[in-house]
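Undergrad: Sharing a structure below in structure tokens format, with a few things to ask.
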Amino acid sequence: MTLALRPLGRTRFAVSPIGFGAFKIGRNQKTKYSTAYDLPSDDQVSALLDGLLELGINYIDTAPAYGTSEERIGRAISRRRAEFVLATKVGETFEAGASAYDFSGPAVRHSVERSLKRLKTDVIDVLLLHSDGRDAWIQTETDAVATLQDLKRQGLARAIGLSGKTVEGARQALDWADVLMVEYHLRDRSHEPLIVEAAARGVGLVVKKGLASGELPADEAIRFVLASPHVASLVIGGLSLEHFRANLAVARLS
């Protein structure tokens with residue numbers, strides 16, 4: 001059965017209802033996962049990413065804060081660049097075992113330059129601010145938003161937006177964002193009215209932590225998130241192609 005894609009707001013993209021969160025292919029230090037894991041080999045990463053694309057999962061979410069994730073994506077599937085929608089972020093880096101945040105214009109530009117090289121691409125499809133929780137401050141007290149808008153005008157990003165932590169921050173971003181990434185699941189429905197409002201304004205919605213960091217049963221959690229016609233994609237992390245195949249089976253019924 002062909003996987004039905006969903007429109008990502010007013011962008012020109014149509015994305016798979018299940019997206020791939022690429023954290024685990026690049027980082028296993030200071031994570032929020034309850035179970036430790038080893039990083040996969042380069043061959044395993046290539047097999048996983050090729051397998052995901054073959055399954056029809058075309059939305060890939062990464063970030064500089066995900067360790068070597070960007071570089072591994074670039075090495076593994078840059079030859080198939082036209083087949084997937086690539087999202088990465090700016091604002092947070094993870095080096096020497098610690099996160100650092102910088103939302104200044106020069107830092108944002110430098111981050112994008114590095115991401116383009118690592119991902120082996122000329123353009124980022126979806127470029128998001130990687131908030132540390134100070135959603136409103138980042139948008140009003142730094143030049144991060146203006147820099148993203150300029151990068152979009154330059155053709156280095158096709159769509160821009162916010163991966164935030166607060167409802168207020170997401171609502172503020174409706175004035176400039178093409179895409180929002182929000183936490184939404186059965187135990188936290190605080191973004192629900194915002195999701196409806198964003199859809200009405202043509203802003204694409206991507207959901208993170210839809211399984212509550214693995215605390216919710218996958219079938220139930222996926223059905224709940226994708227029952228909303230306003231959600232374009234639910235990003236799920238993992239290293240098992242079989243798990244993604246099972247998740248897609250649930251998505252097809254949602």
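Undergrad: With the cut-off at 23 Å, tell me which of the pairs Lys117/Lys165; Lys30/Lys165; Lys30/Lys120 have Cα atoms farther apart than that. Could the numbers behind the result be given before it?
TA: On the way: Lys117/Lys165 28 Å; Lys30/Lys165 19 Å; Lys30/Lys120 27 Å.
With Cα atoms farther than 23 Å apart: Lys117/Lys165; Lys30/Lys120.
Undergrad: Project the alpha carbons of the stretch 153-254 onto their principal axes and report the range along each, largest first, in whole Å.
TA: Here the Cα extents, ordered largest to smallest, are 40, 31, 22 Å.
Undergrad: Can you give me the distance in nm between label points at Asp42 and Val196, each placed 7 Å from the Cα along the Cα-to-Cβ direction?
TA: It is 5.1 nm.
Undergrad: Determine the gain in length on full extension of the stretch Asp50-Arg114; use 0.36 nm per residue of separation and subtract their C-alpha separation, reporting nm with one decimal. Don't skip to the end; give the middle numbers.
TA: Details: separation 64, 0.36 × 64 = 23.04 nm, distance 2.35 nm.
Once the chain is fully extended between Asp50 and Arg114, it gains 20.7 nm.
Undergrad: Report, in deg cm²/dmol and to the nearest 500, the calculated mean residue ellipticity at 222 nm for the chain, where each DSSP H run with n ≥ 4 adds -39500 (n - 2.57) and the sum is divided by the residue count. Don't skip to the end; give the middle numbers.
TA: Numbers: 9 runs with 92 residues, N = 254.
The per-residue figure over the chain is -10500 deg cm²/dmol.
Undergrad: If I take all pairs of Cα atoms in the stretch 91-239, what percentage of them are more than 25 Å from each other? Display every interim value, and only then the final one.
TA: On the way: 3373 of 11026 pairs.
It works out to 31 percent of all Cα pairs.
Undergrad: If you average over every viewing direction, what projected area does the convex hull of the Cα atoms of the stretch 18-163 give, in nm²?
TA: On the way: hull surface 34.7 nm².
Its average projected convex-hull area is 8.7 nm².
Undergrad: Each label point is 7 Å from the Cα along the Cα-to-Cβ direction; what then is the distance between the points at Leu239 and Ser213, in nm?
TA: Between Leu239 and Ser213, the simple spin-label model gives 1.9 nm.
Undergrad: If you build the Cα gyration tensor of the stretch 100-182 and take the root of 5 times each eigenvalue, what three semi-axes come out, in whole angstrom, biggest first? Write out the running numbers ahead of the final one.
TA: Working: eigenvalues 82, 35, 25 Å².
Semi-axes from the Cα gyration tensor: 20, 13, 11 Å.
Undergrad: Span-like helices, the chain: DSSP H, alpha-carbon axial extent 15 Å or more, mean Kyte-Doolittle 0.0 or greater, which ones? Let's see the in-between values first.
TA: Working: long enough: 42-55 (20 Å, 0.45); 105-119 (21 Å, -0.66); 241-252 (16 Å, 0.07).
Span-like helices in the chain: 42-55, 241-252.
Undergrad: Semi-axes of the chain's equivalent ellipsoid from the Cα gyration tensor, sqrt of 5 times each eigenvalue, largest first, rounded to whole Å?
TA: 24, 22, 18
Each reported figure results from applying straightforward, stated rules to the coordinates on display, with no laboratory input. Given the structure is predicted, the values throughout are model-derived calculations rather than measurements. Please note: Cβ atoms are built from the backbone with ideal geometry, for glycine as well, and neighbour counts cover all protein chains shown.
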